[in-house]
Every structure is written in structure tokens, then in C-alpha cells.
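What follows is a set of notes on a single structure, which appears directly below.
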Amino acid sequence: MSDRLNGYRILILETREEAQFSRLLAEQGADVLQCPMFTIHDAPDAALVEAWIRRFIERPCDDLVLMTGEGLRRLMKVVRRLDVEKDFIAALGKARKFARGPKPGRALRELGLEPQMTTEKPTSEGIAEMLSRLDLAGHRLGLQLYPDRDHSILIGAITAQGAAVDTVLPYVYDAQAADANIVIAIDEMAQGRIDAIALTSSGQVRRLIEVAQAHRCEARLREGLARTPIASVGPVVSDELRSRGLRTDISPAEGAYFMKPLISAMATALAKTPPRAATKA
């Protein structure tokens, strides 16, 4: 079963877990076309992140909301540079920890910790809904943010519950450097050279549209997507596609919203047609 995608050319939009996804696809025989969406850099003002870490150690928050696994890993990079890993992990252990989907939970488990609660939907709205069921009055709540998103509504919802919010942004995106890669990927789809595009986050959908609009090739993008099967990891991505007037062709079984079930669903769906490379040969 290790060659279920043999000969099929799969486009993935590289983000934080692209290496793992690419490896899993390659293990199934896929020819993976990796398209970097952006480059991730540490926060430019390291002093702000360092100060947040020291505050968290000196006076652990009652609650901690982790929005991304990347965020916690970037925090730990600074923690280790400051040589305060033991103290920081001890402080983490004292706080109630809330994860926005499974990825922050995995990052916590790397430290031997578990989230107390994980959102059903990995969105800011899902975090706000989950926290709305809790008594946060008088609590200090640490909130790890991620770039290119207005978090003011979420912060407002938390403070309205009586909590004091202490935010930290451990990393930033450099998107411009990847624009050329995205335009090339759009052309590959439009020319019928891709057997499927696999999407694992709603941000990938937004980024595709934004770059296409910025480079005046949105019509070409939609042309390419019209002829390329679109695989979505789950309902959040599918909802974003729908909101942009796009469809989902392939998705894992309900509740199995992870990379391996997505790959299995792709293998099953694509087996019905020969690889496009083979067709053109």
C-alpha cells in the first residue's frame, strides 16, 4: 500500500508542518510539488517575548491559550536561550491550558504536558466559544497570538468576562518572498499539470486568493482550481473554500481531520483516474 499515489503529482502549500505532510505523501509514492506560502521568522523585538516569558515565570497565569503549535515552539526557543526552561515548564504546569485545535496540544505534549481543553474547531471563534462557558473573572490569562490576524475581537471577548489578558506574539510571517512560488503553482494548475491540491488550513485558501489578486491572476487561479481536484483536511478549510465560491472534492471521514486520513481519502479518490503525467506521456 506504499505506492497508492504513485505517479500522482500533488501540490501542497507549505506552512509549519509541510515537511511532515510532504514525507507522508512521498511515502505513498506521490510526486510532491511544495509551494512555500511564507517564511516564518522570530519576532523582531525579542525583548517583548523575553519580558512575557519572565512575567509568566514570576507570576504564572491562571490560564494560557495557545493558538498555534508553532507559537509554543518559538517561545521554547527563547526560553532555552534564556536558560529558564525548567522554571517556564513548571509555570506552564500551574496554568489551565487551552489549545486551538490539535497542533498546540501536540506541542504541549512534547514538553510532557496536556491541554485541559481543546477547541472542536481550530478557530478564534472556537476559542471564544469555549472560554465563554468558563468563569474567568479576576483571572490572568496568557494569550499566544499568531501573525496576520486581527485578534481584537477575541481579546475583547475575554476581557468582557473579567479576565486580564497578557498577549505574546512569538513569530512573524514574511509573505512577499513566496509570492513568485505561488504564481508558479497557479500556472501549473491552470496548465493541467497537478493531479490534486491538498489544503490543510483556511489561511492557505486566503493566501492563494490574496496573491492571485495582487498579481492580477485570480481568473487563472480559478481556472486552475476548476480543473484540479481540491482536497480539504476538514470543515474549517471547506468552509473557507465555500466562502470564496470554491468547492471541496476530497475530504477525510467525519472526525478524522488529520493528514493521514486526508492522504488516504486522496488515494481512494484519485485511483479512479490515471495520473495526469501518465495521460500526457
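So for segment 61-74 (the condition being of a type in the set (S, T, N, Q), under 30 Å from Glu240 (Cα atoms) and buried (at least 16 other Cβ atoms within 10 Å of the Cβ)), does at least one residue qualify? Lay out the reasoning, then the answer.
Step one: of segment 61-74, the residues of a type in the set (S, T, N, Q) are 68.
From the residues that got through so far, the ones that are under 30 Å from Glu240 (Cα atoms) too are 68.
Now narrow it down to the ones that are buried (at least 16 other Cβ atoms within 10 Å of the Cβ): 68.
Yes, because at least one residue in segment 61-74 is of a type in the set (S, T, N, Q), under 30 Å from Glu240 (Cα atoms) and buried (at least 16 other Cβ atoms within 10 Å of the Cβ).
If a residue has to be touching a helix residue (DSSP H, G or I) at 6+ places or on another chain (Cβ under 8 Å) and closer than 28 Å to Gly101 by Cα to count, how many in segment 197-227 make the cut?
Selection size over segment 197-227: 14.
Which residues, taken from segment 158-169, are surrounded by 13 or more Cβ atoms within 10 Å (Cβ to Cβ) and part of a loop (DSSP other than H, G, I, E, B)?
Listed by number, the residues that qualify are Gln161, Ala163, Leu169.
Of all residues being closer than 27 Å to Arg206 by Cβ and among the charged types (D, E, K, R) in segment 114-157, which is surrounded by the most Cβ atoms within 10 Å (Cβ to Cβ)? Just the residue, please.
The residue in question is Lys121.
Could you list all residues from segment 210-240 that are farther than 14 Å from Phe258 by Cα, crowded, with 19+ Cβ neighbours inside 10 Å and not small (Gly, Ala, Ser)?
Val211, Leu221, Leu225, Thr228, Pro229, Ile230, Glu240, listed by residue number.
Within the group Ile186, Ile194, Ile155, Ile209, which residue is touching a residue at least 40 places away in the same chain (Cβ under 8 Å) and either outside any strand (DSSP E or B) or not assigned by TED's automatic domain parsing to the domain that holds Ser232 (or both)?
Only one candidate passes the filter, namely Ile194.
Can you work out which of the residues in segment 187-209 that are β-branched (Val, Ile, Thr) and within 19 Å of Val32 (Cβ to Cβ) is surrounded by the most Cβ atoms within 10 Å (Cβ to Cβ)?
Ile197
Of the conditions (1) surrounded by 14 or more Cβ atoms within 10 Å (Cβ to Cβ); (2) touching a Phe, Trp or Tyr at 6+ places or on another chain (Cβ under 9 Å), Thr39 satisfies every one except a single condition; which number is it?
Every condition holds for Thr39 apart from (1).
The values are calculated or read from the model by the stated rules, or taken from the named source; none is laboratory data. Given the structure is predicted, the values throughout are model-derived calculations rather than measurements. Here Cβ is always computed from backbone atoms with ideal geometry, including for glycine, and neighbour counts include all displayed protein chains.
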